[in-house]
Amino acid sequence: MRRFIILCFIGIGIAFTSCRSDFNFEPNVGNLAFSKDTVYLDTIFKKIGSSTYTLKVYNKTNKNIAIPTIKLAKGLTSKYRMMVDGMQGENGKIFNNVELLANDSLYIFIETTFEENTPTPTEFLYTDQIQFGAGNDFQKVELVTLIQDAYFIYPNRVNAVYDEVPIAFGENNTVITTRGRNLVHNHPDNGDEFTFKVDKPYVVYGYASVPSNETLTIPAGARVHFHADSGLIVQNNATLKIEGTLAHEVVFEGDRLEPFYSDVPGQWGFIYLRQGSKNHSINHLTLKNASVGLLVAENVGTPLEISNSQIYDCSNLGIYAQNANIKGSNLVINNAGQAALACTYGGNYSFIHCTFNNNWPSSKQVAVLVDNYYVDYVNEVAVQYPNNLTQATFTNCIIYGFNPKEISLNKATSDSYLFNYKFNNCLMRYYSPQANPLFDFTSTANYANCIINQDPKFDNTSKNKLNLTEGSSAINTGMNLSPNFIDILENPRPTAPNPNPDIGAYQFKP
């Protein structure tokens with residue numbers, strides 16, 4: 001027994017000696033390896049933090065090492081900040097005696113935020129280095145960021161209370177507000193905010209509001225970026241004019257410029273044309289990554305005219321119309337969580353040469369929804385409130401997508417309200433084993449020369465390329481609407497008596 005105890009103590013002593021040798025760290029002698037030699041932080045706006053970027057550092061030797069210093073070359077004045085293996089260091093800029101085991105690695109996470117006037121107005125490329133070592137004996141990894149200046153629209157704040165703008169009416173006509181501010185004619189930084197400029201993009205925080213009796217004009221080439229939970233509201237008696245061209249379109253999107261965010265839905269709120277707003281026109285707009293692209297409510301006077309425009313990757317709806325008046329031509333809407341186009345609670349709609357597609361991965365999404373009522377609950381009982389659908393006419397339109405039924409037509413139970421709809425020379429996806437009188441494709445009152453359940457053969461829907469490819473059933477099967485009618489890319493369509501034009505927003509080009 002005594003010999004066994006002595007042997008145990010000897011074994012324990014050897015074990016402790018062995019463990020201590022494992023944690024002997026030698027100073028780094030420049031043998032680190034890196035996952036990249038330059039970290040490019042994608043373009044950001046001033047005052048908006050970047051995404052977090054990762055650098056991996058390897059010790060490929062058989063010795064434990066201690067890196068004397070990991071620091072930013074510009075020290076505490078650097079606009080970058082780091083986290084090294086979960087450590088904050090000195091203000092995220094300097095880290096001393098960082099230990100790294102043999103054949104092991106560590107992670108460095110890098111971010112940046114730029115305030116106004118940094119860098120200077122003529123210096124938009126900001127660089128720095130991460131240095132590993134001590135003194136003049138160090139290894140380095142370059143950091144590069146492009147900073148883009150912008151016009152900023154954000155709500156004012158007094159004593160932690162932000163400006164609010166009206167967005168809806170509650171019970172007893174109480175006004176519901178949201179964080180935002182009205183545009184003004186003489187903003188100290190932005191000048192006249194009712195005519196956007198094109199020399200710099202705009203970045204909107206909260207909701208920018210066009211007050212009553214004002215017109216917001218957005219000229220060709222303007223870029224507008226919306227922060228999370230932000231958007232644009234056009235109030236009663238106010239007007240929105242978007243004047244893009246093919247060569248210089250207007251773009252609405254989120255404020256994250258990194259490529260990862262280029263097709264992420266739901267990054268910002270919506271464009272809301274409120275009840276009583278009027279005389280809107282939209283030409284050559286590309287809108288993407290919103291929750292709802294356009295929300296149009298009861299503009300029962302002059303219709304919203306939207307043409308040559310694209311709405312992509314909205315988390316809920318591309319266009320959400322409530323008893324609205326809309327004329328659309330050469331309009332493309334692709335992918336939305338519920339419907340690419342929703343014409344609800346009646347209204348008056350005409351769409352010519354439009355493409356509505358929805359490949360959202362859900363069994364309930366549709367490309368087009370049309371109804372003439374809404375449902376509310378009174379004492380927990382569903383009550384239907386109907387309204388007149390004066391017109392919903394689709395001519396030379398593609399209505400397609402992932403699901404068997406990409407069209408949803410829903411008529412109020414009361415026959416006292418109009419439900420007028422017509423599809424002329426449309427290519428549509430609809431299959432249901434159950435008969436529905438609203439989808440009687442033999443009815444000439446509602447359907448004329450329509451193509452049902454044939455693939456339009458889009459180029460690439462996942463990349464929002466909805467132009468037609470060889471063999472599409474949409475080619476030469478539209479109604480001839482000549483003369484002088486062009487597609488969304490300003491390609492001429494055939495004129496009579498030549499072959500019929502293609503269905504959808506794009507004329508096929510071999």
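The values are calculated or read from the model by the stated rules, or taken from the named source; none is laboratory data. Remember, it's a predicted structure, so these values are computed and weren't measured experimentally. Positions of Cβ are generated from backbone atoms using ideal geometry, with glycine treated the same way; all protein chains shown enter the neighbour counts. Surface areas here come from the heavy atoms of the whole protein model, side chains and all, with no ligands, DNA or RNA. Shrake-Rupley method; radii C 1.70, N 1.55, O 1.52, S 1.80 Å.
Key figures for this structure:
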quantity: Criterion violated by residue 308 - all others in (1) of a type outside the set (D, E, K, R); (2) closer than 30 Å to residue 48 by Cβ; (3) touching a strand residue (DSSP E or B) at 6+ places or on another chain (Cβ under 7 Å) satisfied; calculated: (2)
quantity: Segment 405-418 - residue that is among the hydrophobic types (A, V, I, L, M, F, W, C) and assigned to a strand (DSSP E or B) and, of those, surrounded by the fewest Cβ atoms within 10 Å (Cβ to Cβ); calculated: 409
quantity: Some residue of segment 271-289 being open to solvent by less than 10 Å² (accessible area, probe 1.4 Å), within 22 Å of residue 412 (Cα to Cα), of a type outside the set (Gly, Ala, Ser) and free of Cβ contacts under 8 Å to residues at least 40 places away in the same chain; calculated: no
quantity: Hits in segment 410-453 - residues which are in contact with an Asp or Glu (Cβ under 8 Å, 6 or more places away or on another chain) and in contact (Cβ under 8 Å) with a residue 40 or more places away in the chain; calculated: 410, 411, 412, 429
quantity: From the options 84, 39, 57, residue that is more than 31 Å from the chain's Cα centre (by Cα), among the hydrophobic types (A, V, I, L, M, F, W, C) and under 25 Å from residue 256 (Cα atoms); calculated: 84
quantity: Segment 290-311, subset hydroxyl-bearing (Ser, Thr, Tyr) and either assigned to a loop (DSSP other than H, G, I, E, B) or without any contact (Cβ under 8 Å) to a residue 12 or more places away in the chain (or both), residue farthest from residue 262 (Cα to Cα); calculated: 302
quantity: Residue in segment 183-235 that is least open to solvent (accessible area, probe 1.4 Å), counting only those that are charged (D, E, K, R) and not in a strand (DSSP E or B); calculated: 193
quantity: Set 133, 86: member being open to solvent by less than 70 Å² (accessible area, probe 1.4 Å) and touching a residue at least 12 places away in the same chain (Cβ under 8 Å); calculated: 133
quantity: Condition met for residue 330 (surrounded by fewer than 21 Cβ atoms within 10 Å (Cβ to Cβ), over 28 Å from residue 416 (Cα atoms) and in contact (Cβ under 8 Å) with a residue 60 or more places away in the chain); calculated: no
quantity: Residues of segment 373-404 that turn out to be more than 27 Å from residue 500 (Cα to Cα), under 32 Å from the mean Cα position of the chain (by Cα) and surrounded by 12 or more Cβ atoms within 10 Å (Cβ to Cβ), as a count; calculated: 6
quantity: Answer residue from segment 145-167, given it is loosely packed, with under 14 Cβ neighbours inside 10 Å and part of a strand (DSSP E or B) and is modelled with the lowest pLDDT among those; calculated: 146
quantity: Output for segment 209-227, where each listed residue is in contact (Cβ under 8 Å) with a residue 40 or more places away in the chain and touching an Asp or Glu at 6+ places or on another chain (Cβ under 8 Å); calculated: 220, 225, 226, 227
quantity: Residue that is farthest from the chain's Cα centre (by Cα) [pool: residues in segment 321-358 that are in a loop (DSSP other than H, G, I, E, B) and either closer than 21 Å to residue 475 by Cβ or of a type in the set (Asp, Glu) (or both)]; calculated: 353
quantity: Those residues of segment 46-78 which are assigned to a loop (DSSP other than H, G, I, E, B) and crowded, with 19+ Cβ neighbours inside 10 Å, in sequence order; calculated: 48, 50, 78
